[in-house]
Amino acid sequence: MIRKPKAGEYNEFYSTYINKIEEDNLIKLLRAQLTSFSGFMSDISEEKSDYRYAAGKWSIKEVLNHINDTERIFAYRALCIARGEKQALPGMDQDEYQAASPTTTRSFSSLIEEFVAIRTSTLFLFDDMPESDSLKVGTASDHPVSVRALAGMIYGHCAHHTDVLKERYL
């Protein structure tokens, strides 16, 4: 089991995501979110996925692409740190990543399928991870971060954007 991280295991910037964690079993939460989030997204039509709530804001499709990109990056960081990587891991500029992505030419359904594949891969990474590995700390985006904090950030980031989608898009 991977437990909720404690303060000090992550940059305070990510506290918005960590605060979304309702219980101590992150694997259980990530698995439930796989079903609930993919179901939630599947209820949105292809046409609606291009909706932006304001000029200059991402479309629903772009928000999903951002969730996918970010989960990949957080999971990669977790893998590196769990395996003992000593080098600092780079940050990411979400706007540059979005600008370089072919999101507009992809179908919304393909992005949902990608989320399911990425989350399934994330679960395989964390499912049998020893607790000792989840407590390892490395450096990412110039700040110390534990593996379990990255697991929590994956969950909380998706939960955060789900709330934004419900509040501003749907």
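Bear in mind that the values in this text are calculations on the coordinates, not laboratory data. Quick caveat: nothing in here was measured; it's all calculated off a predicted structure. Glycine gets a Cβ as well: all are built from the backbone with ideal geometry, and neighbour counts include every protein chain shown.
Odds and ends about this structure:
- 0 to 90° range, to nearest 10: angle between helix 26-42 axis and the chain longest Cα axis: 10 degrees
- Residues listed by number, region 140-170, amide nitrogen under 16 Å from S36 label point at 7 Å toward C-beta: 152-167
- Gyration tensor (alpha-carbon) shape descriptor, region 7-47, a/c threshold 1.5: oblate
- Amide N of region 66-110 lying under 14 Å from the label point, which is placed 7 angstrom from the Cα of R168 along Cα→Cβ: 66-67, 95
- Computed about its Cα centre, the charge dipole of region 1-79 is approximately 220 debye, with only Lys, Arg, Asp and Glu carrying charge at their Cβ.
- Among L170, G156, P102 the positive-end extreme of the charge dipole of region 92-170 (Cβ point charges): L170
- Dipole in debye (nearest 20) - region 1-152, about Cα centre, beta carbon charges: Lys, Arg +1; Asp, Glu -1: 260 debye
- When only alpha carbons are used to place a centre, region 16-48 and region 100-170 end up 10 Å from one another.
- More than 19 angstrom apart: percent of Cα pairs within the chain: 55 percent
- Dipole axis of the chain (+1 Lys, Arg; -1 Asp, Glu on Cβ), positive-most option in G39, F124, G8: G8
- Cβ charges +1 (Lys, Arg) and -1 (Asp, Glu), total dipole of region 123-169, debye: 180 debye
- Sorting 47-58, 74-85, 123-134, 24-35 by their mean Cβ neighbour count within 10 Å, with the most densely packed peptide first, gives 74-85, 24-35, 123-134, 47-58.
- Nearby lysines by direct alpha-carbon distance to K166 (threshold 22 angstrom, same-chain neighbours under 8 apart not counted): K20, K48, K57, K61
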